[in-house]
C-alpha cells in the first residue's frame, strides 16, 4: 500500500510569509507525528495526533507554529511569519493506534523548507 | 530525562566489510524500545531494526544485527557485507514503553568505499 506522503517536497519562502506543509498518513494509521530536522541534526519532536486531537503540543517551538488534522487523516503544519531559523526538513510519520502497543512509526520523505 | 548519544559523526567502511555503529542511551526506565533508522539522501527515514528492552536476545534483520548491552546502556548496530546502498545517515532512537515519543541521537554518516 501507499506510504506516508508529504507535500510540497521543497518550499522556498521569504521571511515573514506563512507556509503550510501537508502530510498524508498511511491509511488506517490513527497516530500522526511531526518532527523537525535541522541541518546535520537528529529529529526534534514537534507534535503528535491521536485521531484528530493533539494531546501533546509541547514540542512546538513557538506560537507561530500550529497543526491540525481533519477526518483522522490528512494533517497540516502551519508556520506563520516564517523566520530564517525555521529552515529545516519537516518530517511526518504515522503509526497504528497507540493502544495496540506495537506502534512503529513510518516516515514520509519530508518537506525541505528554506526561508530566505 | 532520557538521552541518546551517537559518538561517531562519520564512519567509513570498504564495500563487503563489516562496520559497527555505536549508540548509548541514558534512562531509568525498565520498559523501553530501541531503534536504528536509516536516512538515505532521499530523506525518508527507514526503520532498520528494533530491540525490546525485555528481550535478552539481540535482534537481527538479514545483514543487520545489534549488540544490546542493557546494563551498559549500549545499543550498537553491526552491518555485515556492507553494500553501496547502505550509505546513509544512521540514527539511533529510544522510546519509553508507555510513551509514543522517540528520542533521537544526532546520527552517524556511513560512507561505503567501493
*How about region B:25-114: which strands (runs of 3 or more DSSP E) wholly inside it have at least 2 residues that are crowded, with 18+ Cβ neighbours inside 10 Å, more than 14 Å from chain A (Cβ to nearest Cβ) and without any contact (Cβ under 8 Å) to a residue 60 or more places away in the chain?*
B:64-69, B:74-79
*asked:* Suppose we filter A:85, A:68 for residues that are surrounded by fewer than 17 Cβ atoms within 10 Å (Cβ to Cβ), part of a strand (DSSP E or B) and touching a strand residue (DSSP E or B) at 6+ places or on another chain (Cβ under 9 Å); which single one remains?
replied: A:68
*List every residue pair whose Cβ atoms lie under 9 Å apart, where the two residues are 6 or more positions apart in sequence or sit on different chains, the first residue falls within region A:78-89 and is closer than 16 Å to residue A:10 by Cβ and within 14 Å of chain B (Cβ to nearest Cβ), and the second residue, located anywhere, is surrounded by fewer than 17 Cβ atoms within 10 Å (Cβ to Cβ) and at pLDDT below 95.*
A:88/A:38; A:88/A:39; A:88/A:41; A:88/A:44; A:89/A:38; A:89/A:39
*Go through region B:1-11 and give me each residue that's within 18 Å of residue B:65 (Cα to Cα) and assigned to a strand (DSSP E or B).*
B:11
*Residues being touching a helix residue (DSSP H, G or I) at 6+ places or on another chain (Cβ under 7 Å) and within 12 Å of chain B (Cβ to nearest Cβ): count how many of those fall in region A:12-48.*
1
*(1) in contact with a helix residue (DSSP H, G or I) (Cβ under 8 Å, 6 or more places away or on another chain); (2) under 19 Å from residue B:45 (Cα atoms); (3) surrounded by fewer than 21 Cβ atoms within 10 Å (Cβ to Cβ): which one isn't true of residue A:115, the others all being true?*
(2)
*asked:* Restricting to region A:22-41, count the residues that are part of a loop (DSSP other than H, G, I, E, B) and buried (at least 21 other Cβ atoms within 10 Å of the Cβ).
replied: 1
*Selected residue (criterion: nearest to the other protein chains (Cβ to nearest Cβ)) from residues of region B:12-24 that are outside any strand (DSSP E or B) and out of contact with any helix residue (DSSP H, G or I) (no Cβ under 9 Å at 6 or more places or on another chain)*: B:23
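The values are calculated or read from the model by the stated rules, or taken from the named source; none is laboratory data. Treat the numbers as computed from the prediction; the structure is a model and nothing was measured. Virtual Cβ from ideal backbone geometry, glycine too; neighbours counted across all protein chains shown.
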